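J.: Here you go, one structure.
Where a number appears in this text, it was derived from the coordinates with a stated rule and is not lab data. Note that this is a predicted model, so its numbers are computed, not measured. Backbone-built Cβ (ideal geometry, glycine too); neighbour counts: all protein chains shown.
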Amino acid sequence: MSKWTGVTILAVVVAVMTLGCSQGPSGTAAVIEDKTYTVTPASVKVKAGMVTGEVTEMKVTERVEKGSGRVVSPAKLTGTLKLTNTSANQTVRLVAGKILYIDAQGQPIKLEEARTEPTVKFATYGKEQLDPGQDAIQSLDVEFPAEALKAKKLREIRLELAYIPSPYREETVNFIVSIGEGK
């Protein structure tokens, strides 16, 4: 009797492990892909007073669900901003930058609700101050309005820079010294 009880228990355990622990059919995960829009031209020269530079490698990317086209992550403008202080005698402290997207009628294109204004911060130590001839390189990764993705909607991108110039001087100081003989 105990032999048949052991076989029955073993059969039940095997059945539970086979049927109870197997995974049922799982739903397929949505495939997310980056949709990239080219910006033409991909690089431009910029000049704001004594600060000149270049914005390069510009592109707009949004993340969408493949098949449905549902936007998972809103569009962002990415690129590289290189700024140079062209002054011969003034230091520039970069405060901030603001990006505006301008439509065909010359009006700013608004961002959607709950999205942050596209700003460039120069708070990293050493990047915010430029002596004459120095340059700084800053990554751009800012919000981009969905409305601007429509054909012929976006005419230009405007970068507004805020900086503080201050006089830059180099002075030489001489002082007389002598070296005495050690004891």
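J.: What's the total number of residues in region 71-83 that are surrounded by fewer than 19 Cβ atoms within 10 Å (Cβ to Cβ) and either more than 22 Å from the chain's Cα centre (by Cα) or not basic (Lys, Arg) (or both)?
T.: 6
J.: Related question: From the list Ile102, Ile164, Ile157, which residue is in contact with a Lys or Arg (Cβ under 7 Å, 6 or more places away or on another chain), under 22 Å from Val44 (Cα atoms), of a type in the set (Val, Ile, Thr) and touching a residue at least 24 places away in the same chain (Cβ under 8 Å)?
T.: After applying the criteria, what remains is Ile102.
J.: Another question, if that's okay. Under 8 Å between Cβ atoms, which residue pairs at least 6 apart in sequence (or on different chains) link something in region 53-75 that is closer than 13 Å to Thr38 by Cβ with a partner that is surrounded by fewer than 15 Cβ atoms within 10 Å (Cβ to Cβ) and among the acidic types (Asp, Glu)?
T.: Pairs found: Thr61/Asp34.
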